[in-house]
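Comments concern the structure below.
Derivation of every value follows stated rules applied to the coordinates shown; laboratory data play no part. This is a predicted model, so every value here is computed, not measured. Glycine gets a Cβ as well: all are built from the backbone with ideal geometry, and neighbour counts include every protein chain shown.
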Amino acid sequence: MSPTAWGWLVLLFPLLGAAVISAGWNRWPARTAGWLGTLAIALSFVCSVGALLSLLGRDPAHREVVSTLWSYAVSSGVDGKLQILVDPISVFMILVVSGVSTLIHLYSVSYMKGDRGFVRYFAYLNYFVLSMLVLVLAGNFILLIVGWAFVGAASYMLISFWYRRSTATGAGIKAFVINVVGDVGLVLGTFFIFRHTGTVQFLQTFSQIHHVFRVDSTDLVAGCLLFLVGAFAKSAQVPLHTWLPDAMEGPTPVSSLIHAATMVTAGVYLIVRLHPLFELAPTAAEVGAIVGCATLLIAGSIGLVVVDIKRVIAYSTMSQIGYMIMGAAAGAYSGALFHLMTHAFFKALLFMAAGSIIGAMAGDQSLDRMSGFRKAMPFTFLCFIVGGLALSGIPPFSGWVSKDDVIGYTFHRGGIYPILGVGGELGALITGMYTFRMIFRAFFGAPSPEAVELQHGHLAHAEVPRNPMTGEEEDTDVGFPGPEHVIAEREWPMKVAMSLLALGALAAGVIQLPGVDHVISTFLSPAFTGSKLFHHDPSTGTAWIGLIVTPIVGLVGIVTAYRLYIAAPGSSKRLQERLAPVHTFLYNKWYFDELIDIVVVRPALLVGRLAESVLERIVIGGGVTGGVTGSVRAVSAGVRRAQTGLLRLYAAAVILGLSAIALYFLIVSS
Amino acid sequence: MIAAVHHIAGPPIDWKGLSPLLALGGGAVIVLLVGLLRPAAVRERIVPLLTVVALGAAIGTEIWRFNHPGSIIHGALSIDDLGLIVDLICAVSALATVLMSWRGVAPREAGQGEFYGLLLFSVMGMAVLSSSQDIVTLFLGLELLSIPLYILCAAEHRREGSLESGLKYLVIGSVGSATLVYGLAMIYGATGQTGFAQIGSALTSGALSGGVFSDPLLLTGLALVTVGFAFKASVAPFHQWTPDVYEGAPTPITAFMATATKAAALAIFLRFFDVAASSAQNKWGPLIATIAAVTIIVGNVGALGQTSMKRMLGYSGVAQAGYMLAGVVVGTSLGVSATVLYLGAYLMLNIAAFAAIVAVERDAGDDQLSGFAGLGARNPWAAWPLTIGMLGLAGIPGTVGFIGKFQLIHALVDGDYTWLAIVLVIGSMISLGYYLRVVATMWMPAAGTAATSAAALAPIAGAAPSEEELVAGFPPAEGSGVVAPPDDTGVPHPEVVLVAGVFAAASVFFGIIPSPLFDFASHAGAALPGLF
């Protein structure tokens, strides 16, 4: 089969899964819906592998295949077609997305079993995977925008999954609003490019741009900056990042899938997919790289002080995506995508392990209350350690190779990029610190009451379900987490999913280790034939300097965490008191929420109130609406009054109309 | 006998091209004859079946003749793709009408043979009208179309509303026909020609006294013809019969009039103005555009606050005719294809909606909006097609209605009538006020909550909360007065619901995969010569 046939099948299975699960929403017994969902995504993964093999069977020069299922609207100069592009980039993405999604579906079958929204959950999750696959397989801007908006919607539905929780619905709305800002950026950016190229198809656009744009043409830079707005909103980059920590209100597997492994990396994919545009607009690329670097530092620093375990991982995700955005904008395409892949493994793993601990804590997510779970939960602990070491970039774990692939490239690139590379190294230090702060606090130290219980074989149960954020008692009517909590130690699907991811987090690095192998960059290179930056890799020797330096920096971070939390317990408290202003600053997340509140929300509210009291009440309510509804009402009444049902009046109308028409003709002709 | 036929000096006839008309006419005669047979089983089963066969044969021959343009019977009829597509629309509409009437009251009261025979004659009239390229065949087709409809409207002759509807249609229709024939006579008087193409060349050649397009006789004729067409297409201000007749007529016949008559009327609009009068497009363009704008506003505003579904769809049909005139206004082949595309879209959506109304009406006894409260829970098989129909008529993406409007707007902007495109969009906005009210009524849960929602919805719709016309909520008594479906096993009225489902499914399908429609419509656009 051709690569595109496989590509269509990749899309078909999640679509069928979502449709079938939703169609029988009130009929599926027990866990059937979960298994169906998992099966659909697994089949999608199998087809992704089929696409990979089929693509590898082709000559490298012919590995960009476009297929159109049908034309939607080829009209008014727009060539809107349902069209996919199967090339190394999209195949790489569908492999990562469908592969990790399969494991997370498997994990969810156990994790969500006590939830009353079980079927709804899997319908949403399948729909999400479909949207994400549409996004990465899209062959033109229109389908890209469709996928882009669909994942936003899916993310909204899943963040607000427990919709009786006020914090969850609020978080969902916040995420959706910020994502829509990104959608607008993407759409406007498309207009800027389309205006000059006259096509929405990717490959045609890329072959056109060298004819219609010069380096840093104004419209091109504007378009690219707008694409960056889209990328920043979706990938939670400063200053459009505030939705991601709040998105942790969703179920933990959702955080694992959407807010760590797949959706939030869409921005990275966007930059890589549109690399010919960004290479022709180096100014925009630099903006992207700088924001990525800023995000990785800011998010990492916040991660040092947050106490909610899921939010620590969320900030870590932002920070790691900062690396990817920085790399993709700098031109380290294979590095960025490679880090995307390894990050998907180890971050999904960390979230799953965190979900297991939260299960053991009966829903509590605060690091302040967790401690000493090492003995009670050996499997979870092992997974967390593997994920943590990979995240900190310690050899031989996968994060070690992929992270340095990005940092090393920035040093080699020149220009402003080495400065950003230094930021990356600093980020590696912070990463080690916050990761192991989390591990030391949750797994080491004196066992917490829940851990002691668990060591005796009893899983803690919350008396009344409470919202972990506010402590409010939960409405348990519909869609609540359920009284049953699950831990990985007792559920084989969770164990299988986590083990496989742990394996990936451990070993995936070797396929792209400089001097050993270069599977990723070789595979990707046919998609970058026109790229100057893709083949600009540092030499093996230079790369190895980075591969030695960066883990040392990470180790320093880990050792610092060790000194603060294990060697001298309590020193973190003292440090916190001594650096109180810094701590407060970080604890309040650099006051970004407040900043947005002051800069955007309050002025908007003020303008809104003013508009409400002056514009709305007087101008709109009195004049426009009053006028419009008044006139519509008057015309409506007039029409109805004319509609007497009396034939003589109808005949009169005919004669009047006829006279008017005849008069018109006589006037225009004379 | 054969020798006698040989002696008549008739024009050469292309029987292949004529085959759709033969199928319809022959079918009508056979249906009438079979309808005379005594056994009730024959009349109630065989007659509709024969009608379906005749319509099937017509549809088959229309598809067979597709892409074989030809002028037949001395240029009286042009069997081209535009005509064939419109014929197809009318025949499909008639097919749906047969299924919707099958176990209804109208054919029983009017007589099976008569009812279905007249229906076939009317379709034949439409086929003649939409293919005519001569003012004589034009009038012939128009009358063949109209006279059976006058009778069909009064088919339920024991019901006062039906009789009133038929009589009103007859009187007003006669005024319309008289206007038209008078206008045609004047045009013949001015140009001395009956063929559209010949009239067109007489206009361009300046053979008329005083140069092109200044002869008062011709102009008055043109005005009269415009009014005559506007009648049939129910274009404001000549639309006033529409709500009354639609409300009173048997619902399947209303559905047939709303879709097929409109298609034939717009086809002749396109043919006459884009062939005979195409050279003067800059003169009549602004006039038709103004009429279209008035029609859009009047239809949409009038539909607000209607409580009878058929009446509401009558006004909605007026507004839709306004939209479709947009394709006539621009006088380009893009405009022709946009109008034809919209006719197809309109057929699917309207039949879906009307079939659902038929299903509800048979249980509830009337077509009041209040009878639709809670339909979503009661009978989802009828509620979904109606929902799709309403959303599609409003032009929501994902339905074929969106594609149709998209193409009309494209044609308008392309033909420098952007202002009319804006009116069209504003009209669609107003139309949401009444289409969504139906959707809300159907899916709102209980009678108690529905009452408050309807009250809350009314101001949004901008409708006057005026005395008798507005639904003042749904009193529980009315809700409980709804008769439950006779048997709970299976879907009630399967054939009607099937029609609704098929047409709704088609409107969603073509809303997602519109390219076949685009192809079809562009054939129609290419059928008229001399357009850009």
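Using a 10 Å cut-off around each Cβ, can you sort A:Val312, A:Val668 from fewest to most neighbouring Cβ atoms?
The most exposed by this proxy come first: A:Val668, A:Val312.
Please give me the summed charge of the neighbours of A:Pro447: other residues whose Cβ is under 10 Å from its Cβ, Lys and Arg +1, Asp and Glu -1.
0
Just grab the label-to-label distance for A:Ala651 and A:Tyr163, each label 7 Å out from Cα along the Cβ direction, in nm (one decimal).
Result for the modelled spin labels: 5.9 nm.
In the stretch A:66-112, if every C-alpha pair distance is counted and binned at 5 Å from zero, what percent goes to each bin?
5, 18, 13, 13, 13, 12, 11, 8, 4, 2, 0
Can you tell which of B:Pro12, B:Ala506, B:Leu99 lies farthest toward the positive end of the dipole of chain B, using +1 and -1 charges on the Cβ of basic and acidic side chains (Lys, Arg; Asp, Glu)?
Final value for the positive-end residue is B:Pro12.
Using the count of nearby Cβ atoms within 10 Å as a rough guide to exposure, how do A:His196, A:His485, A:His343, B:His74 rank from fewest to most? Working shown, then result.
Details: A:His196 17, A:His485 20, A:His343 29, B:His74 12.
The fewest-first ordering by Cβ neighbours comes to B:His74, A:His196, A:His485, A:His343.
Between A:Ser659 and A:Thr584, how many nm apart are label points set 7 Å from Cα along the C-beta direction?
Result: 8.4 nm between the two label points.
Roughly how big is the protein assembly as shown's charge dipole about its Cα centre, with Cβ charges of +1 (Lys, Arg) and -1 (Asp, Glu), in debye to the nearest 20?
1100 debye
Could you point to the residue in A:Phe150, A:Leu226, A:Ala168 farthest towards the positive end of the stretch A:145-231's charge dipole, with +1 and -1 charges on the Cβ of Lys/Arg and Asp/Glu respectively?
Going by the charge dipole, the pick is A:Ala168.
Highest mean first, how do A:244-256, B:421-433 rank when packing is the count of other Cβ atoms within 10 Å averaged over residues?
Working: A:244-256: 27.1, B:421-433: 19.4.
Put in order of decreasing packing, that is A:244-256, B:421-433.
Around A:Ser334, what is the net charge, scoring Lys/Arg as +1 and Asp/Glu as -1 over all other residues with Cβ under 9 Å from its Cβ?
Neighbourhood net charge equals -2.
Hey, could you pull the Cα Rg and Dmax for the protein assembly as shown, both in Å?
That works out to 35.4, 123 Å for Rg and Dmax.
Could you tell me the center-to-center distance, by alpha carbons, between the stretch B:45-105 and the stretch A:485-562 in angstrom?
Using only Cα atoms to place each centre, the spacing works out to 67 Å.
In what sequence do A:Asp517, A:Asp597, A:Asp537 fall when counting other Cβ within 10 Å, fewest first?
Ranked by crowding around the Cβ, least crowded first: A:Asp517, A:Asp597, A:Asp537.
Could you rank the peptides B:319-331, A:182-194, A:355-367 by their average count of other C-beta atoms within 10 Å per residue, with the highest value first?
Sorting B:319-331, A:182-194, A:355-367 by mean packing, highest first, produces B:319-331, A:355-367, A:182-194.
What is the dipole size for the stretch A:3-587, taken about its Cα centre, with +1 at each Lys and Arg Cβ and -1 at each Asp and Glu Cβ, in debye to the nearest 20?
Numbers: 33 positive and 32 negative charges, 69 e Å.
Its charge dipole is roughly 320 debye.
Please work out the FRET efficiency for the pair A:His461 and B:Ile512, using the Cβ-Cβ distance as r and a Förster radius of 56 Å; give the result to the nearest 0.05.
It comes to 0.70.
How shielded is B:237-243 by partner chains, expressed as the average number of their Cβ atoms within 10 Å of its Cβ atoms?
Numbers: counts 9, 6, 5, 13, 3, 1, 4.
The mean count of partner-chain Cβ atoms within 10 Å per residue comes to 6.
Nearest 0.05, what FRET efficiency do A:Asp517 and A:Leu606 give at R0 = 56 Å with Cβ-Cβ as r? Mind dumping the intermediate values first?
Numbers: r = 59 Å, r/R0 = 1.05.
Approximately 0.45, to the nearest 0.05.
Note down the nm distance, to one decimal, between modelled labels 7 Å out along Cα→Cβ at A:Leu575 and at A:Ser2.
Calculated label separation equals 5.9 nm.
Under a Cβ-Cβ cut-off of 14 Å, what is the net charge of the residues other than A:Ser572 that fall near it, where Lys and Arg count +1 and Asp and Glu count -1?
+4
Stretched out fully, how many nm does the piece from B:Asp366 to B:Leu22 gain, at 0.36 nm a residue minus the Cα gap? Spell out each step's value before the answer.
Details: separation 344, 0.36 × 344 = 123.84 nm, distance 3.78 nm.
Once the chain is fully extended between B:Asp366 and B:Leu22, it gains 120.1 nm.
Helix A:141-159 against the longest principal axis of chain A: what's the angle in degrees, Cα atoms only, rounded to the nearest 10?
With both axes taken from Cα atoms, the answer is about 60 degrees.
Can you compute the FRET efficiency between B:Glu109 and B:Leu33 using 1/(1 + (r/R0)^6), with r the Cβ-Cβ distance and R0 = 25 Å? Round to the nearest 0.05.
0.80
Please average, across the residues of A:643-649, the number of beta carbons from any other chain that are within 10 Å of each residue's own beta carbon, and give a whole number.
Rounded to a whole number, the mean comes out at 4.
Under the 0.36 nm per residue contour assumption, what length would be gained going from the current alpha-carbon distance of A:Val599 and A:Ala446 to full extension? Don't skip to the end; give the middle numbers.
Numbers: separation 153, 0.36 × 153 = 55.08 nm, distance 4.48 nm.
Extending this stretch completely gives an extra 50.6 nm.
Okay, which of the stretch A:273-294 sit inside 11 Å, backbone N to the point 7 Å along the Cα-Cβ direction of A:Ile416?
Counting backbone N atoms under 11 Å from the label point, the list is A:283-294.
Which residue, A:Tyr562, A:Leu43, A:Met324, has the largest displacement toward the positive end of the dipole of chain A when charges sit on each Cβ (Lys, Arg +1; Asp, Glu -1)?
Comparing the listed Cα positions along the dipole, A:Leu43 ranks first.
Could you give the dipole magnitude of the stretch B:264-378 about its Cα centre, charging the beta-carbon of Lys and Arg +1 and that of Asp and Glu -1, in debye to the nearest 20? Please report the intermediate quantities before stating the final value.
Values: 6 positive and 5 negative charges, 32 e Å.
Once rounded to the nearest 20, the dipole reads 160 debye.
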